Amino acid sequence: MIPTEKPLDNPINWSFRLGRIGNIDLRMHLTFLIGFVVLISMELARSESTSNGIAASAALLDVLQTYALLFLIVLLHEFGHCYAARAVGGEADQILLWPLGGLAYVRPPNAARAHLAVAAAGPLVNVAICGVLCGILAAQSGTLGAIPWNPWHPMSPLNASIAPTSAQLWLVRAFGISYFLLVINLLPIFPFDGGRILQSILWDRKGYTTSVEIATGVGMVAAIIVGLLGLFHEQSWLLIGIALIGYATCFQTRRALRDHAGFSSGEMSYDSPSEYVSAEPSSGSARRHGYFARIRARRAARRAQLEREFEINRQQQVEEILQKVSTSGLASLSPKEKRVLEDETKRRRHMG
């Protein structure tokens, strides 16, 4: 289960509970609320500078409705992750909404296909939303030009000459939000869905360690590209924020991987943070020490967790190889499987 008490010195835990749906806790990060307040304040300031009170009120209502629409679409995306995790035999406990989207706290089974299904489920929700809205807009307008296909301008119909009705305008806006979230989440940057999908696809072929190395390496390059694009785009703050978070997460993941490079098996693997956020130690003593002591305690707890997960992965892999030997013989093993079996034999001899 996810710990109910989390240290408040980690900014990711600055959230409050909204409610519970389908045995999943819904939480909102304070920065999500702060962003809402900032947008409202900006709209109020703009309202004071105009003499048309009716137009100002309508603009303020527009901001409220747009933010509510964003909230709903992000929530549906995260529910996709949660229910996919349960469908493949895992667990899902919590959804956290924050300015860059949402975080689904899920624990799928320790298998590449399970992680792939969970990672892909969120974007598939956005694909479904976009597909339905695309059909409605095309049917109402009689042209695909009414759909905002351009990801740089996801709130404007591709055909600028089309003047959508008020109802179509909200359909365009909903499509644009879902489309933009889909594009962002499919970026091959850890920990976004695209990075997790890439790592899950490589997992079976390359092993967990190599798949994480490749996915995080691709993610760091992609984050730099997104950051550079952000310098020349009107939404620079959002793209640069995505780039910084993505690069930092990829770097930290690779660093954690290097900390465990001393294991004997060339195919050493550990499960990525399956709650889609970094785990926090539950020890109360870590919170009573200084800042750097708490950091060291968290790293030690993380290393211990990774070692336990690695041991489980290794034993599962060895058991599968031994089962294959018993049914098909030693000659049926691939070079990779033989190497894993040899490493495990050496390790057990050393322990003996």
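The values are calculated or read from the model by the stated rules, or taken from the named source; none is laboratory data. Here the structure is a predicted model, which means the values were calculated and not measured. Quick reminder, even Gly has a Cβ in these numbers, built from the backbone with ideal geometry, and neighbours come from all protein chains shown.
Remarks
- Test: residue in region 190-199 that is part of a helix (DSSP H, G or I) and of a type in the set (Phe, Trp, Tyr): no
- Number of positions in region 96-124 that are surrounded by fewer than 24 Cβ atoms within 10 Å (Cβ to Cβ) and touching a Ser or Thr at 6+ places or on another chain (Cβ under 7 Å): 6
- Filtering region 215-248 to residues that are among the small types (Gly, Ala, Ser), farther than 17 Å from Val183 by Cα and touching a residue at least 12 places away in the same chain (Cβ under 8 Å) leaves Ala215, Gly217.
- Subset of region 74-95 [assigned to a helix (DSSP H, G or I) and buried (at least 20 other Cβ atoms within 10 Å of the Cβ)]: Val74, His77, Glu78, Phe79, Gly80, His81, Cys82, Ala84, Ala85
- Of all residues in region 210-239 being crowded, with 18+ Cβ neighbours inside 10 Å and either at pLDDT below 85 or in contact with a His (Cβ under 6 Å, 6 or more places away or on another chain) (or both), the one that is farthest from Ala114 (Cα to Cα): Gly230
- Taking the criterion of being out of contact with any strand residue (DSSP E or B) (no Cβ under 9 Å at 6 or more places or on another chain) and assigned to a strand (DSSP E or B), the only residue of region 96-120 that qualifies is Gly101.
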